[in-house]
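The values are calculated or read from the model by the stated rules, or taken from the named source; none is laboratory data. All of these numbers come straight from a predicted model, not from anything done at the bench. All Cβ positions, even for glycine, are placed from backbone atoms using ideal geometry, and neighbour counts span all protein chains on display. To get the accessible areas, we keep the full protein, side chains included, count just its heavy atoms, and leave off ligands, DNA and RNA. Shrake-Rupley method; radii C 1.70, N 1.55, O 1.52, S 1.80 Å.
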Amino acid sequence: MFPSIASRKKRYESESRSQQREQTKARLLDAAEARFSEAGYDNVSVSDIAAAAQVVPSLINSYFAGKAGLLMAVVARHNAPQWPVLMGILAERAPALDRLDRFIAAQAAMDLRRPRLLAALQGLSWTWPPESEADNLAELQPARDALAALVRDGIAEGAIRPVAPEAAVEAIMAVYVQGLRPAVFATLDGPAATALIQARLRALLAA
């Protein structure tokens, strides 16, 4: 039996509302990414973003639970295409330290496309709620596991000194975040900051 005209109309209206919602969310994400990248997180208001997206400010609370949630959604969208590339590098059949160099170079190139966005997320990460921290750690866990496997490969090769893989991963992440600061604050360009991170990690890990 064919659906009634009323049911078809109701389904069409529901699909139309869903499509409009996704289009509005996309406009908000586009506007937020542009404004955060230009002016930083603290210098941009919810009203600024809503005006750029041509929507009412209350939709930011409805769709993203506020400005902080919107920033996290922007970063998640920004990071999504990075993961297959980065995980592919870590899974390559190549010497461990060479893979680590390539991983750092690829990650830095991606992160430094939007340095103010990176700075905004780093700042927010110290003040977001425990639930957001748990979500962030869960998102990072596959990369942490792959880095730990790389460290174990390097130890087996004799290229990385014997060290607890989990401790090495913490060190890699700390050196990376700290090493990007000169590029974010424009005291070094991206390639120079990347080379410095790579050199520091080799000095720390190489056997």
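Taking 0.36 nm per intervening residue step and subtracting the Cα-Cα distance, what contour gain separates residue 157 from residue 127 on full extension?
6.7 nm
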Item to check | Helix 165-184 vs. the chain, principal-axis angle (Cα, 0 to 90°, nearest 10) | outcome: 70
Checklist entry - Looking at 119, 82, 182, which one has the Cα that reaches farthest to the positive end of the dipole of the chain (charges on Cβ: Lys, Arg +1; Asp, Glu -1)? => result 82
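If I take every Cα pair under 8 Å that is 6 or more residues apart in the chain, average their sequence separation and divide by the length, what percent do I get for the relative contact order?
Computed value for the chain: 19 percent relative contact order.
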Next on the checklist: Quick check: residue separation of residue 187 and residue 173 times 0.36 nm, minus the Cα distance between them. What number comes out in nm?
Outcome noted: 3.0 nm
Checklist entry - Counting Lys +1, Arg +1, Asp -1, Glu -1, what net charge surrounds residue 70 among other residues with beta carbon under 11 Å of its beta carbon? => result +3
Checklist entry - Rounded to a whole number, what % of the accessible area of the chain do carbon and sulfur atoms account for, probe 1.4 Å? => result 57
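Placing +1 at every Lys and Arg Cβ and -1 at every Asp and Glu Cβ, with all other atoms neutral, what dipole size does segment 100-207 have around its Cα centre, in debye to the nearest 20? Please report the intermediate quantities before stating the final value.
Numbers: 10 positive and 12 negative charges, 94 e Å.
Computed about the Cα centre, the dipole is about 460 debye.
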Next on the checklist: In Å², and per residue, what accessible area does segment 26-172 have when probed at 1.4 Å with the other protein chains present?
Outcome noted: 50
Checklist entry - Gain in length, residue 61 to residue 195, computed as 0.36 nm per residue apart minus the alpha-carbon separation, to one decimal in nm? => result 44.1 nm
Checklist entry - Dividing the Cα convex hull volume of segment 97-207 by residue count, how many Å³ per residue is that? => result 94
Checklist entry - Where Rh denotes the Kirkwood radius from the mean inverse Cα pair distance, what is Rg over Rh for the chain? => result 1.10
Checklist entry - In units of 2.2 N^0.38 Å, what is the alpha-carbon radius of gyration of segment 59-141? => result 1.26
Checklist outcome for this item: Computed over segment 21-85, the relative contact order (Cα-Cα under 8 Å, seq sep at least six) in percent reads 32
Item to check | Cα-based Rg of segment 47-92 normalised by 2.2 N^0.38 Å, two decimals | outcome: 1.61
